[in-house]
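The values are calculated or read from the model by the stated rules, or taken from the named source; none is laboratory data. Note that the structure is predicted; figures quoted are calculated from it, not measured. Glycine gets a Cβ as well: all are built from the backbone with ideal geometry, and neighbour counts include every protein chain shown.
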Amino acid sequence: MEDKSYKEYLEHIKTFIFDVDGVLTDGSLTITETGDMLRTMNVKDGYALKTALDKGFNVAIISGGTNEGVRSRLAALGISDIYLGAHNKTEQLQDYFNKKAIKPESVLYMGDDIPDYPVMERVGLPCCPQDAVQEIKGISKYISHKKGGHGAVRDVIEQVLKVQGKWNGNFSAKI
């Protein structure tokens, strides 16, 4: 059986699910004197997440992290399906599928490390940032040219929305 190009999956995607650390962030942490862990997120990823929601896509977050600042940032973008403290991500994935009546083949999931592997086996389009670990690259149907926290989320969302004619950035017709 011949492998399909990842591009053949883009037109069927209705749901985006993302890990946080190493995908929406670069995976590094700054730890303050009080023990708080600070992360940096890319504003272009944020724009893409909000655009996907505005265009009617399901967007969810499944992360092992528990930082409430992360929840606040994502909720401010309009994401309501945020699973933090997910140590067995397949449980949260199945809960989300059941809650929203989602078909796994219509899902793009982006992860970067071993805890994402079991989830990535259960979706139609498993993806990862350019700097994901080798095992995750091996299961991914698409590896972004962008690193985690540096536009990898924007990359995959923009590709899906462009293929489906839903991306906001098609201004060339106006020039």
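List of remarks:
- Scanning region 117-142 for residues that are of a type in the set (Val, Ile, Thr) and touching a residue at least 60 places away in the same chain (Cβ under 8 Å) turns up VAL119, VAL123.
- Residue in region 60-93 that is farthest from the chain's Cα centre (by Cα), counting only those that are charged (D, E, K, R) and within 28 Å of LEU38 (Cβ to Cβ): GLU68
- Filter result for ALA75 (farther than 19 Å from VAL156 by Cβ, hydrophobic (A, V, I, L, M, F, W, C) and in contact with a strand residue (DSSP E or B) (Cβ under 9 Å, 6 or more places away or on another chain)): yes
- Flag for ASP155 being among the acidic types (Asp, Glu), out of contact with any helix residue (DSSP H, G or I) (no Cβ under 7 Å at 6 or more places or on another chain) and surrounded by 19 or more Cβ atoms within 10 Å (Cβ to Cβ): yes
- Residue, nearest to THR66 (Cα to Cα), within region 87-102, restricted to residues that are modelled with pLDDT of 95 or more and either part of a loop (DSSP other than H, G, I, E, B) or touching a helix residue (DSSP H, G or I) at 6+ places or on another chain (Cβ under 8 Å) (or both): LYS89
- TYR96 being farther than 26 Å from GLY56 by Cβ, among the aromatic types (Phe, Trp, Tyr) and more than 12 Å from the chain's Cα centre (by Cα): no
- One residue from ASP131, ASP112 being assigned to a loop (DSSP other than H, G, I, E, B), over 13 Å from the mean Cα position of the chain (by Cα), modelled with pLDDT of 95 or more and surrounded by 17 or more Cβ atoms within 10 Å (Cβ to Cβ): ASP131
- When GLU105, GLU33 are checked against the criterion of being assigned to a helix (DSSP H, G or I) and either at pLDDT 95 or above or over 14 Å from the mean Cα position of the chain (by Cα) (or both), a single residue qualifies: GLU105.
- Yes/no for ASP36 being surrounded by 18 or more Cβ atoms within 10 Å (Cβ to Cβ) and over 24 Å from LYS14 (Cβ atoms): no
- Any hit, region 93-102, residues being crowded, with 20+ Cβ neighbours inside 10 Å, under 16 Å from LEU161 (Cβ atoms) and not basic (Lys, Arg): no
- Residue in region 59-73 that is within 17 Å of LEU108 (Cβ to Cβ) and either free of Cβ contacts under 8 Å to residues at least 12 places away in the same chain or acidic (Asp, Glu) (or both) present: no
- Scanning region 41-50 for residues being surrounded by fewer than 19 Cβ atoms within 10 Å (Cβ to Cβ) and within 10 Å of LEU77 (Cα to Cα) gives a total of 3.
- Residue match in region 58-67 (condition: out of contact with any Cys (no Cβ under 8 Å at 6 or more places or on another chain), assigned to a loop (DSSP other than H, G, I, E, B), exposed (fewer than 15 other Cβ atoms within 10 Å of the Cβ) and β-branched (Val, Ile, Thr)): yes
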